[in-house]
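S.K.: Can you read through this structure? Questions will come right after.
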Amino acid sequence: MRQAALAVAVVVATAAPGAADPAGPSKKDRERATKSTHHPAPPVPGTKPAKLVNLTNQWTNEWLAVDPAAPPDRAVIDRFLRDHFTNKPAAMDPRLIDIVAAAANNFRSDTAVVVSGFRHPKYNLILRKKGHQVARDSQHTHGNAIDFFIPRIPVETLHAWAKAQALGGVGLYLESNFVHMDTGKIRYWSGE
Ligand SMILES: [Zn+2]
């Protein structure tokens, strides 16, 4: 009974005189129109926010947001990929950042993790003496290599993508869970 009474009330209100004024827009419409001028400007066609790829350096815990359409400054890249042991940067091949951003984009990830960028010759030697699997004249010591992975993407899948780029050296480190890419000669190998 209560519901039926309410329904009647709604019908009465709708049919009330003045709700639809044939002389012009109702007070409500005029208010709405006034308010609409305060809305933020609509987006300009053809523009949208840049899709950023967030790189993080596993050693320094630093982050670098990369807009693939407008890569970061060279000095910013060099600092981000610096040798964590000596804290020294080097002139990095800027294509390395493009490569990592492209890999993340390919796998629809907004994040990529950098395991190693520049490796100072001093640090490279220490690693060799400790028996680590690093080349004497590693491309890392020339600023031409990057080790990285994409969260949630199997390293074998990333490795297949890396080889398909035919850009330079590609190493698969299955146990350590990263892929090495460098801008030197095209060659392939596997590590641990
Ligand atoms: Zn490497």
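S.K.: How would you order 113-122, 70-79 from highest to lowest mean count of nearby Cβ atoms within 10 Å?
M.R.: Highest to lowest by the protection proxy: 113-122, 70-79.
S.K.: Quick one: which residues, 5 or more positions from Ala112 or on another chain, have an amide H under 5 Å from its amide H? H modelled 1.01 Å from N in the peptide plane, none for Pro or chain starts.
M.R.: The list, which skips near neighbours in sequence, is Asn54, Leu55, Thr56.
S.K.: Rounded, prolate or oblate: pick one for the range 69-192, where a ≥ b ≥ c are the square roots of the eigenvalues of its C-alpha gyration tensor, a/c under 1.5 means rounded, and failing that, prolate if a/b is larger than b/c, else oblate.
M.R.: oblate
S.K.: Determine which lysines satisfy two conditions relative to Lys163: a Cα distance under 28 Å, and not lying fewer than 8 residues away in the same chain.
M.R.: List returned: Lys51, Lys185.
S.K.: Given a Förster radius of 22 Å and the C-beta distance between Gln165 and Ser109 as r, what FRET efficiency does 1/(1 + (r/R0)^6) yield to the nearest 0.05?
M.R.: Given R0 = 22 Å and the Cβ-Cβ separation, E is 0.85.
S.K.: Another question about this same structure. Report, by chain and number, residues whose modeled amide H sits under 5 Å from the one on Gly191, excluding near sequence neighbours (fewer than 5 apart, same chain).
M.R.: Amide H neighbours of Gly191: Leu172, Tyr173, Leu174.
S.K.: Ok, one more. Compute the FRET efficiency between Lys88 and Thr47 as 1/(1 + (r/R0)^6), taking r as their Cβ-Cβ distance and R0 = 41 Å, and round to the nearest 0.05.
M.R.: The pair Lys88/Thr47 has a calculated efficiency of 0.55.
S.K.: For a quick check: with amide H placed at 1.01 Å from N, whose amide H comes under 5 Å from Gly184's, ignoring anything fewer than 5 positions away on the same chain?
M.R.: Result for Gly184 returns Gly169.
S.K.: Beta carbons within 10 angstrom, averaged per residue: use that to sort the peptides 46-56, 99-109, highest first.
M.R.: So the order, starting with the most tightly packed, is 99-109, 46-56.
S.K.: Pull out a ≥ b ≥ c, the square roots of the eigenvalues of the alpha-carbon gyration tensor of the range 127-185, then state rounded if a/c is under 1.5, prolate if not and a/b is larger than b/c, and oblate in the remaining case.
M.R.: Here the range 127-185 falls in the oblate category.
S.K.: Need the list of lysines near Lys130 for cross-linking: C-alpha distance under 22 angstrom, and skip anything on the same chain fewer than eight residues off.
M.R.: In chain and number order, the partners are Lys88, Lys122.
Computed from the coordinates by the stated procedures, all read-outs in this text should not be read as laboratory data. Just so it is clear, the structure is predicted and the values come from calculations on it, not from any experiment. When we count neighbours, we look across all protein chains shown, and the Cβ atoms used for this are built from the backbone with ideal geometry, even at glycine.
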